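**Q** This is the structure I have questions about; it appears just below.
The values are calculated or read from the model by the stated rules, or taken from the named source; none is laboratory data. Computed from a prediction, not measured in an experiment: that's the story for all the values here. Here the Cβ positions follow ideal geometry from the backbone for every residue, glycine too, while neighbour counts run over all protein chains shown. For accessibility, only protein heavy atoms count, side chains too; no ligands or nucleic acids. Shrake-Rupley method; radii C 1.70, N 1.55, O 1.52, S 1.80 Å.
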Amino acid sequence: MEAGANAGPLTHVLADARAALAGGHCEGFERAGAADVRIVAGPPDNITFGTRLRSIAREATENGADGLVILGSGAIPMATPEDLAAFVRAAAGPKGSAMANNRYSADALALSSASVLADIPDDLPDDNALPRWLAEVAGIAVTDLRDQWRLGVDLDSPLDLALVNRASVAGQDWATRAVERIDAIAAVAAHPSMELIVAGRTSAATLSYLESNAASRVRALVEERGMRTAPADQRPARSVIGAALEVGGPGTLGTLLARFGDAAVVDSRVLLAHRLGRDERGWPSPEDRFASDLLLAERIRDPWLRALTAAAASAPIPILLGGHTLVGPGLRLVIGYASQEPAG
């Protein structure tokens, strides 16, 4: 997806990175044997994911192709050539089968029977919910690759660029605070007498990794996993930290977390969902959210998110705010961050 006409500079940074990634994936999938590789891009519009995907699937089946590999914008930036080849093989596999990087929140999916997408609902909001629809409605067997953590990394924010490739953001003013903060959190994780707080949509696999690879103790608060694919009748999103901020206000985040640990990574999307509901259309703009991830409070227009971000930036402990990648597979990158050499 291209940045919109009124998009801010951080949104353009992310859009450019995703465009470069899409170009690289096109070349990679062609080398892996995919017959027809294309980028479906454009400025934001009112066409739903379900409608767009049904049109693509119809064209594919009309042209005699029934296997599809579908990638979201920013998906699997750490995929290897063999990973891409595995998706191509899955798309050419037995009919009635699919393979996703994560069955419960997919960014990349291979489907051997594109014709089943003729019945996909118009209101399917994004690719995250596609595996569940395939399994529960279309009766497709979905193989899950959640054990391959690198396939869970997604470029959802400019912060993720710093996590995936430190050298790619070296010298960029917008990245300076985040890079310093990642360094500080990595140092805490390497210290046996300190404690790292992880809050949000983290997983048992990530916590197991931290148990084996972080010298520090880890205090985890796991909340709202599957938030983006929750059914409409599920209870509203709720967060323990969000509830505490209702009492003290967003400006108390730093002092609150400092009572329980020496550094923290916090899934701010869970806090936003607690406050405003799961629908991202009711949240502060992507530009505001990206600025928050980078601790650039002065760039944020939304008063609540600006106060939250300022509190994280000025806290007595290093705090980093972000999305699913940060508290999920990106934590492995944070732990190994001290060994990354910045560009000279």
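**Q** Is the range 47-54 home to any residue that is modelled with pLDDT of 90 or more and surrounded by fewer than 17 Cβ atoms within 10 Å (Cβ to Cβ)?
**A** no
**Q** Within the range 211-243, count every residue that is more than 21 Å from Ile185 (Cβ to Cβ) and either outside any loop (DSSP other than H, G, I, E, B) or open to solvent by 100 Å² or more (accessible area, probe 1.4 Å) (or both).
**A** Filtering the range 211-243 down to residues more than 21 Å from Ile185 (Cβ to Cβ) leaves 224-238, 242-243.
Narrowing the set further to residues that are either outside any loop (DSSP other than H, G, I, E, B) or open to solvent by 100 Å² or more (accessible area, probe 1.4 Å) (or both) leaves 225, 227-229, 232-233, 235, 238, 242-243.
Residues in the range 211-243 being more than 21 Å from Ile185 (Cβ to Cβ) and either outside any loop (DSSP other than H, G, I, E, B) or open to solvent by 100 Å² or more (accessible area, probe 1.4 Å) (or both): 10 in total.
**Q** Does at least one position in the range 198-205 carry a residue that is within 23 Å of Leu295 (Cα to Cα), aliphatic (A, V, I, L, M) and either open to solvent by 70 Å² or more (accessible area, probe 1.4 Å) or touching a helix residue (DSSP H, G or I) at 6+ places or on another chain (Cβ under 8 Å) (or both)?
**A** To start, the set of residues in the range 198-205 that are within 23 Å of Leu295 (Cα to Cα) comprises 198-202.
After this cut, where a residue has to be aliphatic (A, V, I, L, M) as well, the list is 198-199.
From what's left, either open to solvent by 70 Å² or more (accessible area, probe 1.4 Å) or touching a helix residue (DSSP H, G or I) at 6+ places or on another chain (Cβ under 8 Å) (or both): 198-199.
Checked against the condition, which is being within 23 Å of Leu295 (Cα to Cα), aliphatic (A, V, I, L, M) and either open to solvent by 70 Å² or more (accessible area, probe 1.4 Å) or touching a helix residue (DSSP H, G or I) at 6+ places or on another chain (Cβ under 8 Å) (or both), the range 198-205 yields at least one hit.
**Q** Residue pairs, Cβ under 7 Å, 6 or more apart or interchain, first in the range 308-330 and in contact (Cβ under 8 Å) with a residue 60 or more places away in the chain and of a type outside the set (A, V, I, L, M, F, W, C), second part of a loop (DSSP other than H, G, I, E, B) and open to solvent by less than 10 Å² (accessible area, probe 1.4 Å). List them.
**A** Gly322/Ser157; Gly323/Ser157; Thr325/Val153; Gly328/Thr202; Pro329/Val153; Gly330/Val153
**Q** If you don't mind, there's one more thing I want to ask. For Ala7, which of the numbered conditions (1) loosely packed, with under 15 Cβ neighbours inside 10 Å; (2) touching a helix residue (DSSP H, G or I) at 6+ places or on another chain (Cβ under 8 Å) fails to hold?
**A** Looking at each condition in turn, Ala7 falls short on (1).
**Q** Considering (1) in a helix (DSSP H, G or I); (2) farther than 30 Å from Tyr104 by Cα; (3) open to solvent by 50 Å² or more (accessible area, probe 1.4 Å), say which one Pro192 fails and leave the rest.
**A** All conditions are met except number (1).
**Q** Name the residue, out of Pro94, Pro43, that is part of a loop (DSSP other than H, G, I, E, B), loosely packed, with under 13 Cβ neighbours inside 10 Å and either at pLDDT 95 or above or touching an Asp or Glu at 6+ places or on another chain (Cβ under 7 Å) (or both). Explain how you work it out, then say what you get.
**A** Values: Pro94 fails: either at pLDDT 95 or above or touching an Asp or Glu at 6+ places or on another chain (Cβ under 7 Å) (or both).
When all the criteria are applied, what remains is Pro43.
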